[in-house]
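Q: Sharing a structure, written as structure tokens. Questions coming.
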Amino acid sequence: MNSPSLHLQDWRAWLPDGDAGGDTRIATDTRPGGRSLPAMLRRRVNLAGRAVADLLAELDPDADSILLHASRHGDGERTLELLYALAEDAPLSPARFGLSVHNAVLGVYSIASGNRRSLQAIAAGGDELAALFSEARGYLAEGAPQVIAVFSDVPVPPRFADHAPASRGAAALAMRLSLDNGRAIHESPWQGGGDPPQPVDVIAWLRDGGELGSPLRGRAWTLAP
Amino acid sequence: MTTELELELKQLIIDTLELEDVTPEDIDPDEPLFVEGLGLDSIDALELGLALQKRYGIQLEADSEETRRHFANLRTLAALVEARRTQ
């Protein structure tokens, strides 16, 4: 049986200090403005969280799309600070605790934008892109007209960097997906190896085309022109 | 007229609660700190309670009417610190 094919309607990305190649869909500011969030909420999320909120504000202007957010490590800085505090028997910061959960960024965005659709946070051990496509297909097959899939990560804190695959840099991207509207995303079996795609790799694929593979899933995706 | 302690508390609030766009002058000592006025929320209240404990050794009941009164504005907060500080 053929799984329903995904189509890419539009996308936005944050590639701090990166090369946008003149593509206005890619923001390259070191510190994203986070202007889509009121200041009292903006202070609660890290730079990737601000970037994600800004990308979503552009792709979800009516605050009416189902939102998926995948991140391999989430806000590792904040989570590990809590663990240090626990190890030292110090009291935990309530604000850090509240925002250390994986769905914190979408939660903050939904409060700011008033989006009351389903929100889903995903960590998939390196296979975030494949997981996003699978989940998006599910929501679309159930009748959602569109789904916005977000993928973001920042390098894990230096003390833990040896225990995680080398980061190719902080980045975030958001794709508006549907079943029949936009550029088709073709999926095919794939034997390639190497590291699973990180957000920077997905941005390069969105910008330049070509084939992007998941060694964990044995699948690759090609974007129709 | 702002006292030295009030200024210190303003800076504590700004630093602890990461109020990146707020300066000490923006905090009116007589305006409410929570919901109205400065617009802090319940997570900020917990965070501020923790900061008062760390900095001044003041222990507060998280959900008492008395704590609400102490947290009403900067002047009531300064009065609390004057009266109850152990460090």
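Taken together, the values in this text are just the output of simple stated rules run on the coordinates, not laboratory data. Bear in mind that the values here come from a model prediction, so they are computed numbers and not experimental data. Virtual Cβ from ideal backbone geometry, glycine too; neighbours counted across all protein chains shown.
Q: What FRET efficiency comes out for B:GLU4 versus B:ASP28 if R0 is 25 angstrom and r is the Cβ-Cβ distance? Round to the nearest 0.05.
A: 0.90
Q: Suppose every Lys and Arg Cβ carries +1 and every Asp and Glu Cβ carries -1, with no other charges. What dipole size does chain B come out with about its Cα centre, to the nearest 20 debye?
A: Dipole of chain B, to the nearest 20 debye: 540 debye.
Q: Name all residues of the range A:1-44 having a backbone nitrogen under 18 Å from the label point set 7 Å from the Cα of A:ASP64 along its Cα→Cβ direction, giving them as ranges.
A: Zone members listed by number: A:9-10.
Q: So for B:PHE71, B:PHE34, A:PHE151, fewest C-beta neighbours within 10 Å to most, what's the order?
A: With the fewest neighbours first, B:PHE71, B:PHE34, A:PHE151 line up as B:PHE34, B:PHE71, A:PHE151.
Q: Using θ = phi - 60° and the Karplus form 6.51 cos²θ - 1.76 cosθ + 1.60, what ³J(HN,Hα) does each residue of the range A:97-103 get, whole Hz, x for Gly and Pro?
A: Per residue, the Karplus-derived 3J(HN,Hα) values read 4, x, 9, 7, 6, 5, 8 Hz.
Q: Could you state the angle between the C-alpha long axis of helix A:128-141 and the longest principal axis of the C-alpha atoms of chain A, as a value from 0 to 90 degrees rounded to the nearest 10?
A: Around 60 degrees separate the two axes.
Q: Right, something else. Kindly put A:TYR109, B:TYR56, A:TYR139, A:TYR84 in sequence by how many other C-beta atoms sit within 10 Å of each C-beta, fewest to most.
A: Working: A:TYR109 27, B:TYR56 17, A:TYR139 21, A:TYR84 11.
So the ranking, lowest neighbour count to highest, is A:TYR84, B:TYR56, A:TYR139, A:TYR109.
Q: Per-residue Cβ counts within 10 Å, from other chains only, averaged over A:91-97: what number is that?
A: 5
Q: Testing the spin-label approximation: label points 7 Å from Cα along Cα→Cβ at B:GLU66 and A:GLU81. State their distance in nm.
A: For the pair B:GLU66/A:GLU81, the computed spacing is 3.1 nm.
Q: Using the Karplus curve 6.51 cos²θ - 1.76 cosθ + 1.60 with θ = phi - 60°, what ³J(HN,Hα) values do you get for each residue of the range A:209-214, in whole Hz, with x for Gly and Pro?
A: With coefficients 6.51, -1.76 and 1.60, one gets x, x, 10, 10, x, 10 Hz.
Q: Could I ask something else about it? Could you size up the charge dipole of the protein assembly as shown around its Cα centre, putting +1 on the beta carbon of Lys and Arg and -1 on that of Asp and Glu, and report it in debye to the nearest 20? Each step should come with its number before you reach the end.
A: Details: 29 positive and 48 negative charges, 156 e Å.
Dipole magnitude for the protein assembly as shown comes out near 740 debye.
Q: Rounded to the nearest 20 Debye, what is the dipole magnitude of the range A:54-208 about its Cα centre when Lys and Arg each give +1 and Asp and Glu each give -1 at the C-beta?
A: Magnitude of the dipole: close to 120 debye.
Q: At most 11 other Cβ atoms within 10 Å plus a DSSP loop assignment makes a site exposed; report the longest stretch of chain B without any exposed GluC sites (Glu not before Pro).
A: Looking at chain B, B:62-87 is the longest stretch - no exposed GluC sites (Glu not before Pro) with at most 11 other Cβ atoms within 10 Å.
Q: What is the mean number of Cβ atoms from other protein chains located within 10 Å of the Cβ atom of each residue in peptide A:36-44, rounded to a whole number?
A: So the per-residue partner count for this stretch is 3.
Q: Quick one: grab Rg to one decimal and Dmax as a whole number for the range A:119-211, Cα atoms only, in Å.
A: Answer for the range A:119-211, Rg first and Dmax second: 14.4, 45 Å.
Q: Counting only residues 5 or more places away or on other chains, whose amide H sits under 5 Å from the amide H of A:TRP14 once H atoms are built in the peptide plane?
A: Sorted by chain and number, the residues that satisfy this are A:ALA27, A:ALA172, A:LEU173.
Q: Same structure again: Over all Cα pairs of the protein assembly as shown, how is the pair count split among 10 Å bins, expressed in % and running from 0 up to the last occupied bin?
A: Going from the shortest bin to the longest, the percentages are 6, 24, 28, 20, 13, 7, 2, 0.
Q: Also: So how tilted is helix A:47-59 from the main axis of chain A? Cα-based, degrees 0 to 90, rounded to 10.
A: Roughly 40 degrees, rounded to the nearest 10.
Q: Would you mind giving the mean number of other chain beta-carbons within 10 Å of the Cβ of each residue in A:173-179, as a whole number?
A: Other-chain Cβ atoms within 10 Å of each residue's Cβ, averaged: 0.
Q: Need one number: the % of Cα-Cα pairs in the range B:4-84 sitting beyond the 16 Å mark.
A: 44 percent
Q: Taking +1 at the Cβ of each Lys and Arg and -1 at the Cβ of each Asp and Glu, which of A:LEU37, A:ALA136, A:PRO189 sits farthest along the dipole of the protein assembly as shown towards its positive end, judged by Cα position relative to the Cα centre?
A: A:PRO189
Q: Filter the trypsin sites (Lys or Arg not before Pro) in the range A:1-98 down to the DSSP loop ones having no more than 15 other Cβ atoms within 10 Å, then list what survives. The partial results should precede the final answer.
A: On the way: sites: A:ARG12, A:ARG25, A:ARG35, A:ARG42, A:ARG43, A:ARG44, A:ARG50, A:ARG72, A:ARG78, A:ARG96; in loops: A:ARG25, A:ARG35, A:ARG43, A:ARG44, A:ARG72.
Passing both the DSSP loop test and the Cβ count: A:ARG35.
Q: Taking the Cβ of each residue in A:MET175, A:MET40 as the centre, tally the other Cβ atoms inside 10 Å and list the residues starting with the fewest. Don't skip to the answer; put the middle values down first.
A: Numbers: A:MET175 27, A:MET40 17.
Lowest count first: A:MET40, A:MET175.
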